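J.: Got a structure for you, written out below as structure tokens; questions coming shortly.
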Amino acid sequence: MAEPVPLPADPMELKSLEYRPVKVRGHFDHSKELYMMPRTMVDPVREAQEASRLSSSVQSGAYVVTPFHCTELGVTILVNRGFVPRKKVNPDTRQKGQIEGEVDLVGMVRLAETRKPFVPENNAERNHWHYRDLEAMAKLTGADPIFIDADFKSTVPGGPIGGQTRVTLRNEHLQYIITWYGLCAATSYLWFKKFVRRTPGL
């Protein structure tokens with residue numbers, strides 16, 4: 001993994017930094033937690049072991065997203081602290097893991113998501129978030145629309161389990177198919193027009 005760089009002061013720079021590790025220093029505001037749910041914990045070892053099984057022992061829960069005030073930049077960002085099981089979503093059940101005071105964090109930059117087909121709408125009133133709508137999340141918490149996934153080293157006893165980044169690359173196969181079939185059709189038409197239609201007797 002690349003060495004973490006300081007979080008840029010210019011939010012526009014973040015558009016080219018998705019999945020890049022950045023470092024920040026500041027403190028959490030646990031009073032404004034958001035919950036992305038349902039989610040399962042990212043665990044490469046378990047996922048590899050269960051890849052060939054018909055059944056899975058995956059536990060459902062949520063990602064805890066907490067506003068984090070960056071001391072040096074003077075901005076508040078959103079940090080996905082990590083996974084908690086469903087029975088630990090209520091912060092009263094994990095007070096030991098609610099970090100107080102200034103801390104140093106490393107996390108992966110994440111950009112906003114668009115809602116995919118069949119994914120439910122976010123429900124801000126119930127605090128159930130199914131996808132990253134950074135503008136809506138920022139508006140609700142008073143943070144800037146900047147989001148990072150805290151790394152696994154951020155995990156503290158009793159707190160969310162960090163390192164919950166799933167790398168998903170854009171699937172542009174359909175776009176490629178449409179482009180190449182379009183070019184093929186256009187070429188075939190021009191070939192037909194130039195050669196076949198001019199052939200005597202046809």
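The values are calculated or read from the model by the stated rules, or taken from the named source; none is laboratory data. Small disclaimer: the values here were computed from a predicted structure and weren't measured. Here Cβ is always computed from backbone atoms with ideal geometry, including for glycine, and neighbour counts include all displayed protein chains. What goes into the accessible areas is simple: the full protein's heavy atoms, side chains included, and nothing from ligands, DNA or RNA. Shrake-Rupley method; radii C 1.70, N 1.55, O 1.52, S 1.80 Å.
The rows are residues; the columns are (1) of a type in the set (Ser, Thr, Tyr); (2) open to solvent by 60 Å² or more (accessible area, probe 1.4 Å); (3) modelled with pLDDT under 95.
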site: 23; (1), (2), (3): no, yes, no
site: 51; (1), (2), (3): no, yes, yes
site: 59; (1), (2), (3): no, yes, yes
site: 65; (1), (2), (3): no, no, no
site: 86; (1), (2), (3): no, yes, no
site: 91; (1), (2), (3): no, no, no
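J.: In this structure, is residue 157 within 25 Å of residue 93 (Cβ to Cβ) and either open to solvent by less than 90 Å² (accessible area, probe 1.4 Å) or at pLDDT 95 or above (or both)?
T.: yes
J.: Regarding residue 110, is this residue in contact with a Lys or Arg (Cβ under 7 Å, 6 or more places away or on another chain) and either in contact (Cβ under 8 Å) with a residue 40 or more places away in the chain or among the small types (Gly, Ala, Ser) (or both)?
T.: For residue 110, the condition - in contact with a Lys or Arg (Cβ under 7 Å, 6 or more places away or on another chain) and either in contact (Cβ under 8 Å) with a residue 40 or more places away in the chain or among the small types (Gly, Ala, Ser) (or both) - is met.
J.: Return the residues of segment 1-21 that are in a helix (DSSP H, G or I) and either of a type in the set (D, E, K, R) or open to solvent by 90 Å² or more (accessible area, probe 1.4 Å) (or both); say none if nothing qualifies.
T.: 12, 13, 15, 16 - these are the residues of segment 1-21 that are in a helix (DSSP H, G or I) and either of a type in the set (D, E, K, R) or open to solvent by 90 Å² or more (accessible area, probe 1.4 Å) (or both).
J.: Limited to segment 112-132, what total is found for residues that are under 22 Å from residue 10 (Cβ atoms) and open to solvent by less than 50 Å² (accessible area, probe 1.4 Å)?
T.: Residues meeting the conditions: 1.
J.: Which pairs turn up if I take residues in segment 77-102 that are farther than 19 Å from residue 148 by Cβ and without any contact (Cβ under 8 Å) to a residue 60 or more places away in the chain and look for partners that are of a type outside the set (Lys, Arg) and open to solvent by 60 Å² or more (accessible area, probe 1.4 Å) with beta carbon separation below 6 Å, at least 6 apart in sequence or on another chain?
T.: From segment 77-102, the pairs are 85/59.
J.: While we're looking at this one, here's another question. Determine, yes or no, whether residue 69 is under 17 Å from the mean Cα position of the chain (by Cα) and at pLDDT 95 or above.
T.: no
J.: Kindly establish whether residue 167 is more than 16 Å from the chain's Cα centre (by Cα) and either open to solvent by 60 Å² or more (accessible area, probe 1.4 Å) or in contact (Cβ under 8 Å) with a residue 24 or more places away in the chain (or both).
T.: no
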